[in-house]
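Engineer: Mind looking over this structure? Questions follow.
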Amino acid sequence: MLDKLKEELKNCTNCPLYKERNNIVFADGSAKAKIMLIGEAPGADEDKTGTPFVGRAGKLLNEFLQKAGLNRKKDLYIANTIKCRPPKNRKPTPMEKIACEGNLIKQIDIVKPNVIILCGATAMESFLKDKKLTITKARGKVFEYKDGIKLVPVFHPSYLLRQHSLEVNQPRDLMLKDLLMIKKLASL
Ligand code: URA
């Protein structure tokens, strides 16, 4: 079913981003995963390869997953709020997110994860509509979605690339703690 959706998207013109894309960035990881991770949008490396989180931020994400004892290919299904790269890596517009929302929902409905990691503010805002929430306040907290699926916001690895402290309760330490908590929550 995911293959069919991916195939259908090849010629997608639902929003203007199709004009400059090289590849649709559909997903990575396992469709049987208990954890789904949703990032913001593809960057240049992702657009080139068609795979999410393969650039600098993706490499840092891989390091954190490894430290938490999570296998990117087996334990996670990784996607983004939108499937095509916005120019100059700007944030997706509300219209672009709406145009692509149905695809993300279909991915969730097919994978049926126990936990969805909302990676960064853009992914968080797609699911949690409380305007007062910030990623700093919401990260590490567990929210209900549907069908018993839990949502957990975490910092985006692009933010962590600029945060170098390894001190306790600094962003990098909190990211690892959040991933360890999510691993338990997903029954892994
Ligand atoms: N940042 C994202 O949010 N997603 C990617 O796929 C790559 C970088």
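Engineer: Out of the residues in the range 27-76 meeting the condition of being touching an Asp or Glu at 6+ places or on another chain (Cβ under 8 Å) and among the hydroxyl-bearing types (Ser, Thr, Tyr), tell me which one is farthest from CYS100 (Cα to Cα).
Structural biologist: SER30
Engineer: Please verify whether THR13 is more than 9 Å from the ligand (Cβ to nearest atom), of a type outside the set (A, V, I, L, M, F, W, C) and over 20 Å from ALA186 (Cα atoms), treating the condition exactly as stated. Please lay out each step first, then the result.
Structural biologist: On the way: more than 9 Å from the ligand (Cβ to nearest atom): yes; of a type outside the set (A, V, I, L, M, F, W, C): yes; over 20 Å from ALA186 (Cα atoms): yes.
So THR13 fits the description; yes.
Engineer: Restricting attention to the range 1-59, which residues are closer than 16 Å to THR81 by Cα, of a type in the set (Asp, Glu) and part of a loop (DSSP other than H, G, I, E, B)?
Structural biologist: The one that is closer than 16 Å to THR81 by Cα, of a type in the set (Asp, Glu) and part of a loop (DSSP other than H, G, I, E, B): GLU40.
Engineer: May I pose another question? How many of the residues in the range 81-91 are within 11 Å of the ligand (Cβ to nearest atom), in a helix (DSSP H, G or I) and on the phi < 0 side of the Ramachandran plot?
Structural biologist: Summing the residues that are within 11 Å of the ligand (Cβ to nearest atom), in a helix (DSSP H, G or I) and on the phi < 0 side of the Ramachandran plot in the range 81-91 gives 0.
This table checks each residue for (1) closer than 24 Å to VAL54 by Cβ; (2) surrounded by fewer than 17 Cβ atoms within 10 Å (Cβ to Cβ); (3) out of contact with any Cys (no Cβ under 7 Å at 6 or more places or on another chain).
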residue: CYS119; (1), (2), (3): yes, no, yes
residue: THR122; (1), (2), (3): yes, no, yes
residue: LYS132; (1), (2), (3): no, yes, yes
residue: ILE135; (1), (2), (3): yes, no, yes
residue: PRO153; (1), (2), (3): yes, no, yes
residue: PRO157; (1), (2), (3): yes, no, yes
residue: HIS164; (1), (2), (3): yes, yes, yes
residue: ASN169; (1), (2), (3): no, yes, yes
residue: ASP178; (1), (2), (3): yes, no, yes
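Engineer: Please specify each residue of the range 141-160 satisfying the condition of being within 20 Å of GLY58 (Cα to Cα) and in contact with a strand residue (DSSP E or B) (Cβ under 7 Å, 6 or more places away or on another chain). Before you say what the answer is, go through the steps one by one.
Structural biologist: If we filter the range 141-160 for residues that are within 20 Å of GLY58 (Cα to Cα), which is where we start, we get 152-160.
Listed by number, the residues that qualify are VAL152, PRO153, VAL154, HIS156.
Engineer: Sticking with this structure for a sec: Take the residues in the range 40-64 that are in contact (Cβ under 8 Å) with a residue 12 or more places away in the chain and over 19 Å from ASN22 (Cβ atoms); name whichever of them is farthest from the ligand (Cβ to nearest atom).
Structural biologist: Checked the range 40-64; the qualifying residue farthest from the ligand (Cβ to nearest atom) is PHE64.
Engineer: Got at least one residue in the range 68-80 being near the ligand (Cβ under 9 Å from one of its atoms) and part of a helix (DSSP H, G or I)? Spell out the reasoning first.
Structural biologist: Here is the first cut: in the range 68-80, the ones near the ligand (Cβ under 9 Å from one of its atoms) are 78-80.
Imposing the further condition that a residue be part of a helix (DSSP H, G or I) reduces the set to none.
Checked the range 68-80: no residue is near the ligand (Cβ under 9 Å from one of its atoms) and part of a helix (DSSP H, G or I).
Engineer: So if I check each of GLY148, GLY102, which one is among the small types (Gly, Ala, Ser) and assigned to a loop (DSSP other than H, G, I, E, B)? It would help to see each step written out before you state the result.
Structural biologist: Details: GLY102 fails: assigned to a loop (DSSP other than H, G, I, E, B).
Being among the small types (Gly, Ala, Ser) and assigned to a loop (DSSP other than H, G, I, E, B) holds for just one of GLY148, GLY102, which is GLY148.
Engineer: Filter the range 106-151 for residues that are under 11 Å from the mean Cα position of the chain (by Cα) and either away from the ligand (no atom under 16 Å from the Cβ) or at positive phi (or both) and give the result.
Structural biologist: GLY120
Each reported figure results from applying straightforward, stated rules to the coordinates on display, with no laboratory input. This one's a predicted model, so the numbers in the text were calculated from it and none came from an experiment. Glycine gets a Cβ as well: all are built from the backbone with ideal geometry, and neighbour counts include every protein chain shown.
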